[in-house]
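Notes follow the structure.
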Amino acid sequence: MKDSEPRWKRNLKRKKLLLAATLLSALGSGLTGGICGDQDPRPDLNADRLRTGSFTYRTLVDGRAAGESRIGVHRQENSGNFVFSNLVTGSFSQSWEAIASPTFAPVSAKLSLGEGAAARPIFELAYNGNRVVGFVVPRKEPSEKREVSEAVSDDTVDQRIDWATVMALKEYVEGQKFRFHVYDPGTGNSPVTVQVGKTETIAVPAGSFDTVSLLYQINKNNGQNTPRGFW
């Protein structure tokens, strides 16, 4: 079956996999083992376990430089909420920002494609309890701006920061399974299942890091399943 997903989304997913591989070591706290537990519908998630700051990564396509990504993780002093952002330059230029509570309850999210004066908004979302409102502009039909007003489940995380969510557990127990939902204005409120794999030490040019493998799958409302592996 032909994949109807836009090319920019497929490229973004590939980039997020590469970023998550580094972020789990760079931002996450220490990994703790234990005995296998039952599936937890919503584990103890706490963004305070993440390392805050700015992190810059190169984008490589077929071994060639294609731009950079600058990811920011910061805590707002007044509200205590966390601000996650990503500024992507080069071939996949875009920027996004997602704000969430320390337990990853979504507050807002926005995405723009392009750089500088050429940047154009794709969506802006505001969450309030079990509801999300805002707008989305279809990439193929930029003149067809659509209003967003939908109900979301209690365990929803904005899809921009699903990678941060799975990095914020207190411990990683091999065999443990848990689930939550993510929201994206293109695919709606989709369930996610996560299974924790083995922990191991990997060596890369930046050094040696303790890592854990996670099998992560989004079951999208449009019928597409998106299995992904995080380390």
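Observations, loosely collected:
- Per-pair calculated FRET efficiency, R0 = 22 Å: Arg120 and Glu150 via Cβ, rounded to 0.05: 0.45
- Using the Cβ-Cβ distance between Asp62 and Thr199 with R0 set to 35 Å, the FRET efficiency works out to roughly 0.65.
- Cα→Cβ-extended label distance, 7 Å offset, between Thr52 and Lys170, nm: 2.2 nm
- The stretch 122-231, relative contact order [Cα under 8 Å, separation at least 6], %: 16 percent
- For the stretch 74-144, the list of GluC sites (Glu not before Pro) that fall in a loop by DSSP and count at most 10 other C-beta atoms within 10 angstrom reads Glu77, Glu144.
- Annotation note: trypsin sites (Lys or Arg not before Pro) in the stretch 79-159 located in DSSP loop regions with a Cβ neighbour count of at most 15 within 10 Å are Arg139, Lys140, Lys145.
- Compared with the alpha-carbon gap, the fully stretched path from Arg42 to Phe135 is longer by 30.7 nm at 0.36 nm per residue.
- Centroid-to-centroid separation of the stretch 69-111 and the stretch 138-184 [C-alpha atoms, Å]: 13 Å
Throughout, read-outs are computed from the coordinates displayed, never taken from laboratory work. Worth saying up front: this structure is predicted, and the values here are computed from it rather than measured. A quick note on method: Cβ atoms are made from the backbone with ideal geometry, for glycine too, and the neighbour counts reach across all protein chains shown.
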